[in-house]
Structures are given as C-alpha cells and as structure tokens.
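Participant: First, the structure itself, so that you have it in front of you.
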Amino acid sequence: MSQTSFTVLVTDDDPEIRDVIHIYLRNEGYRVLEAGDGLQALELLRQEAVDLVILDVMMPVLDGIKTCLRIREQWDVPVIMLSAKGEDLDKITGLTTGADDYVTKPFNPLELLARAKAQLRRMERLRARMQEETRIIIGDLVVDAERHRVTSGDREVALTPLEFGILQLLASHRGHVFSADRIYQSVWKEQSGYSDNTVMVHIRNLREKLERNPREPLYIKTVWGVGYRIE
C-alpha cells in the first residue's frame, strides 16, 4: 500500500494546530481530513475510510476521551491522542480508552509525524496478514475470498457465484471429501434435492475453467462413490 492511499483524520479545536499537522502529513503524501470537535470526527468516520485518527483531548461539544470511546465501539482505526496534560495518570486515561499512542502538547511536529508513520506501518502489516488469511494458494491456483477472485497462474478465471462457492468450500478444507449432498447444502444453502446431478454439472464447469485437461484434473478430484476433494 502506498502512502498516498493513507487517509488521516486530524481532530483539534485549534485551527492553527490542525494547519501545522495538516502541512506535515500532506508533505508525506497523506490525504488529510480535519474536524474541530468529536462529533465532526465521528461524522467523517461514517463517511470516509480513515486509516489514522489524531485526536485532541480537550475539545468542546465532545471531548477526545468520549470521542475515543465512541470510535472504539465501531472502528479499529488507530488513534493518537493529543493533550496539554503531561501527567502519567492523564496518559493512562487516554490509553485505557482505546488510544494507541499519546503525545503531549506542545509537541514537535516531526515526532508526531514519526509516531503517525509507526501506527500506519503497524496497520499496514496487520492488513497484509488479514489479506493473506483470506487467500488460499494451491499450486498456481489462488482463491481470494475477500475480493471474490480466482487466478490460475497469470490468468484470471471468471466464475459464477455458485462455482466460486464450491471452489472455496473445497479449497478451504483441503484433503476433505465432500459428498454432492453436503456441497449442495453448504453452497446452495438449501436441503438437498437433485443435488448429485446439479453439483456434478457445476464441478464439470469448474474443471473446464480451471484445468488444462479437465479429463485429468489437477485440482478437483473425484472420490468415486463418495464425493469430491482438493488435494
């Protein structure tokens, strides 16, 4: 993920502080949103995909502590708290409300920028791990559950929703044999009817799309008299 894709929400009732932070973040290539109080910040979070929130503690309408609590009820976005209070108890209060970091005013903008970068890197690594968990790789075959996308080598394979459902079911349980009846119930979400023929047709279509030689499939194997599996 490139820096230009990061969006940072700066929430502070002091427009001069927002301007300074905005300039430093923008110079790094980040997209910056601004809010003057907690309610404005929450409204922007509902409207925009935000990667990091920089949040002042002392604000009118809705202060930073209450705003952070509200954020944690709905979003996992990292939060850096800003406050003129430097006592340990105040820092602990900020962190226990769900903040990921705490910076005391007056602050060095370069230090805040470094802390923002650290939070964004951590989030980027987490997203990468989550993305890997949604991707199933079997040889040259990649099943991406999050994007509902299948590739075989360099070739993207267009599947119907039912074909994708069958492939995802078998690929996520490699080595397990699924009967046609069980596949039908799992993918169609219905009690089996004429499941054998229905599933067989979809398996045949899948093989024609995935396999170089559908008569000798590399991926979806038939276990005669039992069902289908992916090795």
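Participant: Across the range 1-24, what is the number of residues that are farther than 17 Å from residue 65 by Cβ, buried (at least 17 other Cβ atoms within 10 Å of the Cβ) and either among the basic types (Lys, Arg) or over 23 Å from the mean Cα position of the chain (by Cα) (or both)?
Facilitator: Of the residues in the range 1-24, 4 are farther than 17 Å from residue 65 by Cβ, buried (at least 17 other Cβ atoms within 10 Å of the Cβ) and either among the basic types (Lys, Arg) or over 23 Å from the mean Cα position of the chain (by Cα) (or both).
Participant: Right, here's the next one. Within the range 187-231, how many residues turn out to be closer than 16 Å to residue 160 by Cβ and loosely packed, with under 15 Cβ neighbours inside 10 Å? Steps first, please.
Facilitator: At the first step, the residues of the range 187-231 found to be closer than 16 Å to residue 160 by Cβ are 187-189, 198-210, 220.
Among the residues that remain, those that are also loosely packed, with under 15 Cβ neighbours inside 10 Å are: 189, 200-201, 204, 208.
Number of matching residues: 5.
Participant: Related question: Which is modelled with pLDDT under 90, basic (Lys, Arg) and part of a helix (DSSP H, G or I), of 91, 66, 85, 117?
Facilitator: Details: 66 fails: modelled with pLDDT under 90; 85 fails: part of a helix (DSSP H, G or I); 117 fails: modelled with pLDDT under 90.
From the options 91, 66, 85, 117, the qualifying one is 91.
Participant: Further question on the same structure: Within the range 191-227, how many residues are charged (D, E, K, R), modelled with pLDDT under 90 and in a helix (DSSP H, G or I)?
Facilitator: Adding up the residues that qualify gives 1.
Participant: Only one of 45, 33, 112 is buried (at least 17 other Cβ atoms within 10 Å of the Cβ), part of a strand (DSSP E or B) and touching a helix residue (DSSP H, G or I) at 6+ places or on another chain (Cβ under 8 Å); which? Spell out the reasoning first.
Facilitator: Numbers: 45 fails: part of a strand (DSSP E or B); 112 fails: part of a strand (DSSP E or B).
Just a single option satisfies the conditions, and that option is 33.
Participant: Further question on the same structure: Just to check your reading of the model, which residue among 129, 204, 182 is under 30 Å from residue 31 (Cβ atoms) and not acidic (Asp, Glu)?
Facilitator: Working: 204 fails: under 30 Å from residue 31 (Cβ atoms); 182 fails: under 30 Å from residue 31 (Cβ atoms).
The unique qualifying residue is 129.
Participant: Could you tell me which of the residues 156, 163 is part of a helix (DSSP H, G or I) and more than 30 Å from residue 80 (Cα to Cα)?
Facilitator: None of the other options fit; the residue is 163.
Participant: Kindly establish whether residue 44 is in contact (Cβ under 8 Å) with a residue 60 or more places away in the chain and assigned by TED's automatic domain parsing to the domain that holds residue 74. Give the derivation first.
Facilitator: Details: in contact (Cβ under 8 Å) with a residue 60 or more places away in the chain: no; assigned by TED's automatic domain parsing to the domain that holds residue 74: yes.
When the stated conditions are applied, residue 44 does not pass them.
Participant: Something else about it: Just for the range 120-153: of the residues that are in a helix (DSSP H, G or I) and aliphatic (A, V, I, L, M), which one is modelled with the lowest pLDDT?
Facilitator: Step one: list which residues in the range 120-153 are in a helix (DSSP H, G or I), which gives 120-133.
This time we only want the ones that are aliphatic (A, V, I, L, M), so: 120, 123, 126, 128, 130.
Numbers: 120: 93, 123: 85, 126: 77, 128: 71, 130: 61.
So, considering only residues that are in a helix (DSSP H, G or I) and aliphatic (A, V, I, L, M), the one modelled with the lowest pLDDT is 130.
The values are calculated or read from the model by the stated rules, or taken from the named source; none is laboratory data. None of these values were measured; they are calculated from a predicted model. Glycine gets a Cβ as well: all are built from the backbone with ideal geometry, and neighbour counts include every protein chain shown.
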